[in-house]
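Each remark here refers to the structure printed beneath this line.
Laboratory data are not the source of any read-out in this text; all were calculated from the coordinates shown. Owing to the predicted nature of the structure, the values given are computational and were not obtained by experimental measurement. In this analysis, Cβ positions are derived from the backbone assuming ideal geometry, glycine residues included, and neighbour counts consider all displayed protein chains.
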Amino acid sequence: MKIAIFSNDKPKSRTFQRRLRRELYRLGKFELTSHDPDIVITVGGDGTLLSAFHRYAHQIDHIRFIGVHTGHLGFYTDWRDYELPELVEALAKDSGQSVSYPLLDVTIQYFDQSKEHYIALNESTIRRVNKTMKTDIYIRDELFESFRGDGLCISTPTGSTAYSKSLGGAVLHPRLKALQMTEIASINNRLFRTLSSPIVIAPDEYITLRPDAQEDYILTIDSFTHRERPIAAVTFRIADEAIHFARYRHMHFWDRVEDAFIGSKQLHSKRGPQG
């Protein structure tokens, strides 16, 4: 089995990376390589895993990811840096087990008729720099509304816990093959009207944005910014591809949500049982 280790530059992550390499070399069962790996182990946090995902996006049909967090537990990181022996043991007993989550397919059409295609793990956003963004929103080629505001965010279920949530979007379980669109500071008055609510669309539907002809749109794909030619349309749909995680132990999604945003269980454990 070929394994790639992808780490951020923080000292704690680099230390763990070196220790992990030594242990995997010692076992003699794995080939450590960055070329065409079977498993990609990321060391850092969710941002590190996002970077690794985009580096290997063209190979995700046969790659499984494992996330190791050197800070607090993240949504994409199943392991902590102090669990090195347990992780190595799980790798040694690997039987190909995995869990898959949906991705966002983004197709950009420019006014010169050229197109670009991307996939996103979390979300894609579009906005203008200093002025109101105006765009018609189509669902399955039917006009849904004409939007005016700062911008729009289209997210995957796993991305629903990221930027979309801060915009007031719902948290979607990653087993749902659905996309969510949330508004960024929409304008609603007697002249302009939007639904002014997040919407979730079904797997066989897609969203197309046709913004007014301007040159100052900023389009993001996860944490990467695209600012190139004038955009004629952007279409978002559930991707044919999916991301696969080597899941060696069950970690309930709602436990991750509770730990990240509420923390009541951890607080209760510190206080102890109440008499």
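Going by C-beta contacts inside 10 Å, put K134, K115, K165 in order with the fewest on the left.
On the way: K134 17, K115 12, K165 20.
Going from sparsest to densest Cβ surroundings: K115, K134, K165.
Each Cα pair under 8 Å and six or more residues apart adds its sequence gap; the mean of these over the residue count of the chain is a relative contact order of 19 percent.
Mean separation of Cα pairs under 8 Å and 6+ residues apart, divided by the residue count of segment 103-241: what relative contact order is that in percent? Spell out each step's value before the answer.
Values: 346 pairs, mean separation 44.8, N = 139.
The normalised contact order for segment 103-241 reaches 32 percent.
Relative contact order, whole percent, for segment 178-229 stands at 28, derived from Cα pairs under 8 Å and 6 or more residues apart.
Under unit Cβ charges (Lys, Arg +1; Asp, Glu -1), what dipole magnitude, rounded to 20 debye, does the chain have relative to its Cα centre?
Numbers: 36 positive and 35 negative charges, 207 e Å.
Roughly 1000 debye for the chain.
Given their separation in residues at 0.36 nm each and the Cα-Cα distance between them, D141 and R55 gain 27.7 nm when the chain is fully extended.
When both bridge partners sit in the chain, DSSP labels roughly 75% of those beta bridges antiparallel. Length gained on full extension, E83 to D216, computed as 0.36 nm times the residue gap minus the Cα-Cα distance: 43.2 nm. Mind giving me the FRET efficiency for S100 and D36? R0 is 25 Å, r the Cβ-Cβ distance, nearest 0.05 is fine. It comes out at approximately 0.80. Remark: R22, R64, R229 ranked as R22, R229, R64, counting other beta-carbon atoms within 10 Å and listing the fewest first. Mind checking the angle between helix 11-27 and the chain's longest principal axis? C-alpha axes, 0 to 90 degrees, to the nearest 10. It is inclined by approximately 50 degrees. Ranking of S7, S155, S146, S95 by neighbouring Cβ atoms within 10 Å, starting from the fewest: S95, S146, S7, S155. Here the calculated FRET efficiency for R18 and R247, from their Cβ-Cβ distance with R0 = 25 Å, stands at 0.50, rounded to the nearest 0.05. Estimated purely from DSSP H runs of n ≥ 4, each contributing -39500 (n - 2.57), the mean residue ellipticity at 222 nm for the chain is -6000 deg cm²/dmol once divided by its residues.
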